[in-house]
1. Considering only segment 248-263, state which residues are surrounded by 24 or more Cβ atoms within 10 Å (Cβ to Cβ), in a loop (DSSP other than H, G, I, E, B) and either without any contact (Cβ under 8 Å) to a residue 60 or more places away in the chain or within 19 Å of the chain's Cα centre (by Cα) (or both).
2. Can you tell me which of GLN151, GLN146 is among the polar types (S, T, N, Q), buried (at least 17 other Cβ atoms within 10 Å of the Cβ) and under 28 Å from ALA42 (Cα atoms)?
3. Being within 22 Å of LYS222 (Cα to Cα) and either of a type in the set (S, T, N, Q) or out of contact with any Ser or Thr (no Cβ under 8 Å at 6 or more places or on another chain) (or both) narrows it down to one residue among ARG157, ARG178, ARG103, ARG129; which is it?
4. Give me a count of the residues in segment 261-286 that are touching a strand residue (DSSP E or B) at 6+ places or on another chain (Cβ under 6 Å), more than 20 Å from ASN25 (Cβ to Cβ) and either modelled with pLDDT of 95 or more or not polar (S, T, N, Q) (or both).
5. Could you please let me know if ASP445 is under 29 Å from ALA288 (Cα atoms), assigned by TED's automatic domain parsing to the domain that holds ALA502 and among the charged types (D, E, K, R)?
6. Filter segment 176-213 down to the residues that are basic (Lys, Arg) and more than 16 Å from the chain's Cα centre (by Cα) and list them by number.
7. Within segment 453-504, track down each residue that is more than 23 Å from ARG401 (Cβ to Cβ) and among the aromatic types (Phe, Trp, Tyr).
8. Just to be sure before I move on: is ALA50 surrounded by 24 or more Cβ atoms within 10 Å (Cβ to Cβ), touching a Lys or Arg at 6+ places or on another chain (Cβ under 8 Å) and either in contact (Cβ under 8 Å) with a residue 24 or more places away in the chain or of a type in the set (Ser, Thr, Tyr) (or both) in the structure I sent?
Amino acid sequence: MSRWDKVPCSADTMGRMRIALAQINNTVGDLDGNSAKILDFARKAERAGADVVAFPELALTGYPPRDLVEKHSFLDRTACALRRIAAESSHLNLALIVGYVARSPENSAIRAQNAAAVIENGQIIFDQRKMLLPTYDVFDEARYFQPAASQSICYLRGERVALAICEDFWNDKQFWERRRYSRDPIEELVRQGAGVIISINASPWNIGKRELRQAIFHSHAKRFGLPVACVQMVGGNDQLVFDGTSFAMTGRGELAATAKSFAEDLIIFDSVSGTGDDHDNHLAGDEAVFEALVLGTRDYIRKCGFHSVLVGLSGGIDSALVAAIAVEAVGKENVTGIGMPGPYSSEHSLRDAEVLARNLGIRFEVVPINCGYNAMIRTLEPLFAGFNQDTTEENLQSRLRGVTLMSLSNKFGSLVLTTGNKSEIAVGYCTLYGDMCGGLAVISDVPKTRVYRLARCANARYEAQGLAGPIPESTLTKPPSAELRPDQKDTDTLPEYDVLDAILEAYIERYESVPEIAAEARLPEQLVRDIVRKVDRNEYKRQQAAPGLRISPKAFGVGRRFPIAHRFTE
């Protein structure tokens with residue numbers, strides 16, 4: 001993570017308050033649970049001597065609430081919950097800034113607004129509405145919220161506070177070469193005489209996002225010469241992971257307070273001295289990706305009401321990584337590995353799966369699919385007469401494994417975690433209703449080359465505790481294979497994964513053309529064209545896949561929306 005030296009600066013132009021930043025992990029729609037958490041952190045902030053405690057964007061309702069905001073009952077109960085927070089915090093000697101979903105003014109085209117309430121002495125003393133509503137990548141706020149026509153300074157504890165809601169802070173004309181919006185809410189608020197800026201955020205994490213976020217706040221702080229405090233949501237909500245990493249900066253853009261990444265936290269920033277708590281856990285690179293996947297997996301499982309999971313263990317690297325993530329997410333006692341050897345499974349693959357399960361300390365069961373496979377072949381033989389064996393028979397094995405896992409899921413109430421990676425899903429090297437069966441695609445945004453790095457990372461976490469890494473070295477070094485036909489290797493169908501992943505990143509994340517990719521990577525155009533064609537042709541599979549956790553700037557799912565039936569080709 002990029003960092004600026006933590007050097008206290010002059011307080012001549014700075015607001016005079018101790019600001020607590022409470023990064024909480026809330027659940028969408030859990031108004032009672034979220035309210036209790038807000039009040040609990042407010043009490044902690046008071047004990048720490050804070051004058052004001054700021055909570056993330058939509059802290060009360062969870063983010064993103066999506067079509068819940070279309071329900072009158074949701075809006076009514078949100079308003080009641082906000083009043084209850086005000087009443088129950090009346091004895092606290094500090095102010096609360098709480099993000100919530102508000103009703104729009106009467107006769108508005110859209111019934112809800114993204115809002116922030118300032119609560120003090122049991123009363124809502126100020127209410128700010130979000131002006132800039134993002135509609136790119138994973139965001140769809142203009143569908144759900146009415147934008148604010150204007151915003152005002154909040155007078156709080158004798159200080160003029162510019163209160164921003166996430167995107168309102170992200171339109172600095174001195175930072176972006178091309179801006180998305182014509183208005184700059186922060187500039188407008190500063191012109192009203194702000195002495196300190198507080199921004200509440202629900203900014204989803206992806207690789208590089210924390211650095212970008214700090215760079216934008218650094219630019220604002222230096223531009224206006226004012227201290228800024230950024231409180232950020234933490235936790236997983238569906239496909240999105242929020243990293244926390246709340247922070248505050250002085251008017252010179254120096255980092256003055258930092259919170260943990262991927263964990264709930266509370267930090268204090270003193271805007272007079274320009275100093276604050278340093279809880280930074282210095283997660284970066286693959287370690288940060290691993291933590292994001294653990295957090296997203298844990299929250300998806302628990303917030304969906306599951307307690308245990310099933311993972312099909314093939315002896316390969318993908319299922320090994322998913323199992324290691326699952327153990328860190330919900331505990332080894334809640335993870336069961338299922339080995340499902342078929343007619344072409346190797347002995348070493350089943351052995352690697354057994355060793356992995358033993359190293360992780362999880363339950364391991366073996367359910368061979370040979371009998372089911374032979375029975376299906378006999379059943380279909382009259383219809384298949386005259387046809388050679390092909391991918392049909394290969395996919396049948398995968399689908400029998402899917403049936404097995406889903407049957408166990410139904411019987412025991414465990415969530416199935418799928419094990420496909422981004423490289424495979426991108427080109428359709430996966431089987432509908434087979435290895436794609438499950439409730440969460442843990443590594444569907446992780447390219448194969450990064451899968452290997454994350455597997456090493458998983459082992460290193462154990463080794464740091466003086467334990468042997470759980471993923472066997474043979475799993476890390478053997479050529480990847482689906483083992484659906486004799487002596488099969490992934491490279492029979494695909495280029496080496498370092499080549500494939502370079503093509504996929506250029507095409508999926510940067511939208512480069514075939515000639516551009518070929519020239520940049522020094523690859524034959526025909527190879528690139530073949531990969532691109534596979535990506536385009538398999539959109540129908542991806543839109544039937546389990547939701548996956550987003551770690552890249554362009555993940556399959558809510559942030560990438562292509563038609564299934566279309567005839568545009570590269």
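The values are calculated or read from the model by the stated rules, or taken from the named source; none is laboratory data. What you see is a predicted model, and the numbers here were worked out from it, not measured in a lab. Cβ coordinates were reconstructed from backbone atoms using ideal geometry, including for glycine residues, and neighbour counts include every protein chain displayed.
1. Matches in segment 248-263: ALA259, PHE262.
2. Going through GLN151, GLN146 in turn, the sole match is GLN151.
3. ARG178
4. 5
5. When the stated conditions are applied, ASP445 passes them.
6. Scanning segment 176-213 gives ARG178, ARG179, ARG180, ARG183, ARG191.
7. Selection gives TYR462 alone.
8. Yes, satisfied.
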